[in-house]
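Take a look at the structure below.
The values are calculated or read from the model by the stated rules, or taken from the named source; none is laboratory data. No experiment lies behind these values; they were computed from the predicted model shown. Glycine gets a Cβ as well: all are built from the backbone with ideal geometry, and neighbour counts include every protein chain shown.
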Amino acid sequence: MEALTRIKTKTPSPYQLAAIEIATHDTKTFRFGLPADATLDMLPGDYLYVHATINGKPVKRPYTPSSLPGTTGSFDLTVKRYETGVVSKYLHDQHVGSTVLMSGPNPGGHWVDGMAKRVGFVAGGTGITPMISIIRWILTKRIDADLFLIFANKTEADIIFREEWNQAVRKYRNFHCYHVLEQPPAGWPEGIGRITVDILRQHLPAPDSDACIFLCGPPPMVDALETTLKELGHSEQSIILP
């Protein structure tokens, strides 16, 4: 049996785009190829830099793989297209067979097995992407931890991997999910508007030494909710920003 190659590069290296899947109306999952015996050298929540030259200027942006760490032969990036996002638009313009330059993985605000027994996730929009691999890792590895996801979006159509979250709630007794929509459909049964202190209090684990909270989303949201979480009693060390 061949030894597993763990890939990590400091300089940009080319990866070929092997497949593209539609996640939502403006979000796609891009699958990049790796050698059959290779995987990215990363923990759940670590990130890659995507490098590009746009209008003659080199740019780079961080993206966290959404695929399960340890996956061999390929890895996935789930990316929402933003009109003001030069690299997100660049990725969405690529096609199967294209090559994209990336470096890393780099250590982000990641999950380490055993770090907590109760884990909260507060995500706004594409802030869910660093959390996808963490949630998938804990659930598929049957790690003894209760997971609580609060996921805020503008509309129901913006919920990335909506069906996966629904299935996880049905399949795993330790996974809990609460959606918050700014523009909900008629009869929407969950959160409406923005994430409030009451929502955080009701749908996250209480502050404790065996609890941690992953927080990611638009910077104004992160700044405001980080302050609120601290006011609720969560320590600075227990709030992780991927």
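Computed quantities for the displayed model
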| read-out | value |
| --- | --- |
| Flag for Gly45 being within 18 Å of Trp137 (Cα to Cα), surrounded by 15 or more Cβ atoms within 10 Å (Cβ to Cβ), out of contact with any Asp or Glu (no Cβ under 8 Å at 6 or more places or on another chain) and outside the structural domain of Gly127 (by TED's automatic domain parsing) | yes |
| Residue list for the range 113-131, filter: closer than 19 Å to Met221 by Cα and either part of a strand (DSSP E or B) or aliphatic (A, V, I, L, M) (or both) | Gly120, Phe121, Val122, Ala123, Gly124, Ile128, Met131 |
| Verdict on Val180 being among the hydrophobic types (A, V, I, L, M, F, W, C) and either in a loop (DSSP other than H, G, I, E, B) or free of Cβ contacts under 8 Å to residues at least 60 places away in the same chain (or both) | yes |
| Leading residue by the ranking (farthest from Asp208 (Cα to Cα)) among those in the range 117-127 that are at pLDDT 95 or above and crowded, with 22+ Cβ neighbours inside 10 Å | Gly124 |
| Filter pass, Ala152 being assigned to a helix (DSSP H, G or I), small (Gly, Ala, Ser) and not assigned by TED's automatic domain parsing to the domain that holds Gly45 | no |
| Number of the condition not met by Leu200 [criteria: (1) within 13 Å of Val122 (Cβ to Cβ); (2) modelled with pLDDT under 95; (3) of a type outside the set (S, T, N, Q)] | (2) |
| Qualifying residue in the range 93-112 (condition: surrounded by 14 or more Cβ atoms within 10 Å (Cβ to Cβ), outside any loop (DSSP other than H, G, I, E, B), among the hydroxyl-bearing types (Ser, Thr, Tyr) and touching a Pro at 6+ places or on another chain (Cβ under 6 Å)) | yes |
| Selection from the range 170-187 of residues that are in contact with a strand residue (DSSP E or B) (Cβ under 6 Å, 6 or more places away or on another chain) and either exposed (fewer than 13 other Cβ atoms within 10 Å of the Cβ) or farther than 24 Å from Ser66 by Cβ (or both) | Pro184 |
| Single condition Arg142 does not satisfy, out of (1) within 23 Å of Thr9 (Cα to Cα); (2) of a type outside the set (Asp, Glu); (3) part of a loop (DSSP other than H, G, I, E, B) | (1) |
| Any hit, the range 185-194, residues being under 20 Å from Arg118 (Cα atoms) and either in a strand (DSSP E or B) or aliphatic (A, V, I, L, M) (or both) | no |
| Matching strands (runs of 3 or more DSSP E) fully within the range 1-71 where at least 2 residues are without any contact (Cβ under 8 Å) to a residue 12 or more places away in the chain | 9-24, 57-63 |
